[in-house]
Every structure is written in C-alpha cells, then in structure tokens.
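Okay, so here's the structure we're looking at.
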Amino acid sequence: MPTMTIGHTSPTPIAGEAGAEVLPEAGVEARIHAAICAALMAGKLRPGMPLRERNLAEAFGCTRGAVRKVLARLGAEGKLHLEPNRGAYVPQPSVEDIRQVYSARRTVEAGIVATLCGRLSGEQIARLAQHVEAEEAAFHGHQREASVRLAGGFHVLLAEMVGSADLLAFVQRLIAKTELYKALYDPAEFIECAPTEHRALVAALQTDRLHATIDLMTAHLDDIEKRVVEQAMRAEDVPDVKAIFAASIGQS
Ligand SMILES: [Zn+2]
C-alpha cells in the first residue's frame with residue numbers, strides 16, 4: 001500500500017468542542033483514518049455514500065473536530081470527495097474516470113517492464129519472487145486486505161526498481177486510485193491481481209522477450225480494468241429519477 005503524505009495532519013492536539021473531553025487527538029485521528037481506509041478498501045462503503053461528521057464522532061467517541069481533520073486529510077489523499085458546505089462523500093468515479101486511470105497505468109507500466117526486461121539483478125528477482133510468495137499466501141489464506149495491499153505492492157515494487165523517485169511517486173498515486181476503484185466497484189472476493197499472473201510477469205522479466213513482457217503487463221491491467229468497468233456500469237444502471245420525469249413532461 002503506497003504511503004501518502006499529502007494533507008497529512010499535524011500531530012498537535014486540538015481543543016475539543018464544548019463539553020467534550022479532550023483526548024490525545026493525534027492518536028484518535030490516526031485510528032479514525034485507518035478505520036475509514038480499511039472500510040473503503042474492504043468495499044464496505046458504497047460509492048456516493050455520505051460520511052457525516054456527527055455520526056462518525058458518535059461511532060468513534062471523539063470530537064467532531066477530530067473527525068473533520070481526518071475527513072480533510074482523506075479528501076486531500078483522493079480517498080473521499082469533499083463538497084464545500086455539504087460534507088464528505090465516498091467517491092463515485094465514472095466509467096470514464098476508471099478508463100482514464102487504467103490507461104495511464106498501462107502506458108506507464110508498459111514502460112516500466114520495458115526498462116526492466118532482461119536487466120534485473122539476482123537480488124531483484126529474489127525480492128520479486130519473495131513478494132509473489134507473500135501474495136500467494138495471503139490469496140490462499142483468504143486474507144482479503146493483505147491480498148489487495150500486496151497485489152498493489154507488486155506493481156509499486158517494479159516501479160521502485162526503475163530507480164526514479166518521480167516515477168515511483170506517480171505510480172503510487174495511480175495504484176492508490178485503482179485500488180480504491182476496485183474496492184468501490186468490485187467488492188466480490190479475490191478481484192485483485194491473480195498472484196499467478198504476477199509470477200508469469202516475474203518469469204517474463206528474466207527473458208529478453210521485450211514485446212511479450214509488455215503484452216503480458218498490458219493484458220494483466222486490461223483484465224482488471226474490464227472487471228472494474230463492468231461493475232461500475234452495473235452500478236450506473238440505477239434509473240435516474242430526473243431523466244424519467246423529464247421524459248414524461250416532454251410527452252405531455
Ligand atoms: Zn497486478
């Protein structure tokens with residue numbers, strides 16, 4: 001799971017609201033942040049769902065101020081959608097948003113495997129193999145959260161091996177987005193990258209078959225995109241009340 005620092009709140013405790021007990025806010029905020037991220041990644045929060053400050057403060061037994069800071073941080077990280085004066089919502093990416101981010105991933109990650117193909121050191125191959133083993137263990141052990149995190153981690157590890165901090169930061173952002181999209185629209189079990197496909201990629205990277213390796217990565221990302229888009233299209237199928245009545249007014 002990529003580490004995101006954008007909008008990271010300061011650890012300075014803030015004053016509680018009138019009558020509320022002042023708890024060590026930084027710890028509380030970290031706990032709320034982790035809990036909301038986990039719920040998002042587990043697909044428990046649905047696209048477009050509002051997250052009310054009051055409800056969260058009651059659920060976590062903390063001040064609304066603490067909740068507000070966490071929501072602002074999640075907004076800056078792109079994990080929640082913030083609407084001025086209305087509040088925080090679970091993102092509702094359109095099919096087009098999903099296609100855009102997978103298109104960026106295909107382009108960038110094709111470049112990554114092209115750079116690495118046939119050039120990995122023995123140590124790098126061992127690291128990748130070890131990572132895939134951990135993925136397989138999580139996958140077969142039905143550890144969904146670890147599975148999703150490790151699957152994204154495989155792609156981050158490849159980006160890291162190119163040795164460019166700029167590239168790594170960009171890839172981490174893209175992967176964080178696709179992980180969220182997958183969680184929002186494909187809550188079925190085991191939708192993440194299949195460890196067998198990652199194993200095949202590691203094998204291909206050790207050859208000098210550049211085009212075959214690029215094709216393998218592209219097909220791998222295509223497949224995930226297709227499944228997430230199918231789910232999102234199903235979600236978009238909910239009839240639009242406004243459109244229904246607009247049509248009947250037009251006919252009268
Ligand atoms: Zn993958």
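Per-structure values
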item: The one condition in (1) in a helix (DSSP H, G or I); (2) farther than 16 Å from LEU205 by Cβ that HIS142 fails to fulfil; result: (1)
item: Test result for ARG54, in a helix (DSSP H, G or I) and surrounded by 15 or more Cβ atoms within 10 Å (Cβ to Cβ); result: no
item: Qualifying residue in the stretch 185-194 (condition: outside any loop (DSSP other than H, G, I, E, B), modelled with pLDDT under 95 and surrounded by 15 or more Cβ atoms within 10 Å (Cβ to Cβ)); result: yes
item: Per-region count, the stretch 84-126, residues buried (at least 16 other Cβ atoms within 10 Å of the Cβ) and among the charged types (D, E, K, R); result: 3
item: Qualifying residue in the stretch 204-226 (condition: β-branched (Val, Ile, Thr), at pLDDT 90 or above, away from the ligand (no atom under 14 Å from the Cβ) and more than 16 Å from VAL108 (Cβ to Cβ)); result: yes
item: Single match in GLU135, GLU179, GLU197 (criterion: within 16 Å of the ligand (Cβ to nearest atom), farther than 24 Å from ILE98 by Cα and not aliphatic (A, V, I, L, M)); result: GLU135
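The values are calculated or read from the model by the stated rules, or taken from the named source; none is laboratory data. The structure displayed is predicted, hence computed values, not measured ones. In this analysis, Cβ positions are derived from the backbone assuming ideal geometry, glycine residues included, and neighbour counts consider all displayed protein chains.
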